[in-house]
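Taken together, the values in this text are just the output of simple stated rules run on the coordinates, not laboratory data. Predicted model, so just to flag it, every value in this text is computed and none were measured. Here the Cβ positions follow ideal geometry from the backbone for every residue, glycine too, while neighbour counts run over all protein chains shown.
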Amino acid sequence: MSFADVPTVPVEEVPASPYTDAVLLDVRESDEWANGHAPDAVHIPMSDVPARIDEIDIDAVVYVVCRSGGRSMNVVPYLNQNGFEAFNVAGGMVAWQKSGRPLVADDGRAAKIF
């Protein structure tokens with residue numbers, strides 16, 4: 001599968017929080033997550049996805065995001081091969097911040113992706 005074959009959506013097509021029939025899965029590392037993430041996103045670093053796949057709602061549409069789209073581009077095919085309906089979020093959290101979508105940080109400070 002080439003990257004062109006990975007189902008991808010722009011940030012604007014990700015439903016707003018709170019999510020009902022969707023999951024926003026953030027696959028960045030913990031330090032990246034702590035600096036800023038989308039409210040109500042699920043955080044599972046990319047390397048932990050296989051071991052923690054049961055934490056993702058298989059009945060939901062899964063939108064996978066990382067910093068700029070590379071890691072999520074690798075996770076989406078894995079999820080889809082395992083029965084999920086998953087989409088890569090184009091441009092990742094950089095595009096998320098640029099589009100003005102909400103961000104939060106774990107310690108209450110101003111969230112920042114870049």
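Here are the numbers for this structure:
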| read-out | value |
| --- | --- |
| Lys/Arg +1, Asp/Glu -1 at C-beta; the chain dipole; positive extreme among P77, T20, A110 | A110 |
| Acute angle (nearest 10 degrees) that the helix 70-81 long axis makes with the longest principal axis of the chain, alpha-carbon atoms | 40 degrees |
| Histogram of C-alpha separations across the range 13-78, 10 Å bin width, % | 22, 59, 20 |
| From phi via Karplus (6.51, -1.76, 1.60), per-residue ³J(HN,Hα) for the range 95-102 in Hz, x at Gly/Pro | 5, 4, 5, 4, 7, x, 5, x |
| Interchain or long-range residues, amide H under 5 Å from V61's placed H | A22, V23 |
| From the coordinates shown, P(r) over Cα pairs in 10 Å bins from 0, in percent corresponds to which of (i) 15, 52, 30, 3, 0; (ii) 12, 35, 29, 17, 6, 0; (iii) 13, 47, 32, 7, 0 | (i) |
| Tensor-based shape of the range 70-114 (alpha-carbon gyration tensor, a/c under 1.5 rounded, otherwise prolate or oblate) | prolate |
